[in-house]
Every structure is written in C-alpha cells, then in structure tokens.
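As structure tokens, the structure follows; a few thoughts come after it.
The values are calculated or read from the model by the stated rules, or taken from the named source; none is laboratory data. Keep in mind the model is a prediction, meaning the values are calculated, not measured. For neighbour counting, all protein chains shown are included, and Cβ atoms are generated from backbone atoms with ideal geometry for every residue, glycine included. Ligands, DNA and RNA are stripped out before the accessible areas are found, and what is left, the full protein with its side chains, is counted by its heavy atoms. Shrake-Rupley method; radii C 1.70, N 1.55, O 1.52, S 1.80 Å.
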Amino acid sequence: AVLQFGGLFGIGSDYYPIPWAVLDYETKYGGYVVDIDKSRLEQAPHYASDHPSYDDVYARQVHGYWGTPYPFV
C-alpha cells in the first residue's frame, strides 16, 4: 500500500510505501487504519513522484524499515 503524506492539498506531498502487514482493516471505518507515529513515518522510505523505481533493493529496504518479512526470498 502507498500512503500519501505531507504537502498541502496533495501538492508537494510524498508517497510512503507501507507493507500490508502493517495495516489493519477496520470495518467500522470501511478501510485500513495505521497506527504510525508521525516522526516514524517521516523517516520511512518514501519518494516524491507517483512513479518510483520500486525494485527488489528498494522493496527490501521498505520491508526492513517496517520490520516485516520480504515475501519474495
């Protein structure tokens, strides 16, 4: 999943890939909920455009940061 964060009205925001294992689906909200501290999110791997080069190395970095297993070992 990718969380858009920062900027103003979507302008200047960054995109933060977050492994599905970090998300919780909350039926009362009809969507996913994350319990992530703002400072932790700001330090997470992210990119500024909507077309990242999401390769194997970057995927391992994202999963390593969030402490989730990388699914394609």
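Our helix-only sum for the chain, with -39,500 (n - 2.57) per DSSP H run of n ≥ 4 divided by its residues, gives a mean residue ellipticity at 222 nm of -6500 deg cm²/dmol.
Give a quick list of chymotrypsin sites (Phe, Trp or Tyr not before Pro) in the chain that DSSP marks as loop, anything other than H, G, I, E or B, with at most 16 other Cβ atoms within 10 Å. Working shown, then result.
On the way: sites: PHE5, PHE9, TYR15, TRP20, TYR25, TYR29, TYR32, TYR47, TYR54, TYR58, TYR65, TRP66, PHE72; in loops: PHE9, TYR29, TYR54, PHE72.
When the chymotrypsin sites (Phe, Trp or Tyr not before Pro) of the chain are filtered for loop state and at most 16 Cβ neighbours within 10 Å, PHE9, TYR29, TYR54, PHE72 remain.
Around the Cα centre of the chain, unit charges on the Cβ atoms of Lys, Arg, Asp and Glu (plus for the first two, minus for the last two) sum to a dipole of about 80 debye.
Hey, if we sort LYS38, LYS28 by accessible area with the 1.4 Å probe, largest down, what's the order? The partial results should precede the final answer.
Working: LYS38 125, LYS28 150 Å².
I get LYS28, LYS38, largest accessible area first.
Evaluate the relative contact order of the chain (contact order divided by residue number), counting alpha-carbon pairs under 8 angstrom at least 6 apart; express in whole percent. Could the numbers behind the result be given before it?
Numbers: 77 pairs, mean separation 20.9, N = 73.
Relative contact order, the chain: 29 percent.
Excluding ligands, DNA and RNA, the accessible surface per residue across the chain is 73 Å² with a 1.4 Å probe.
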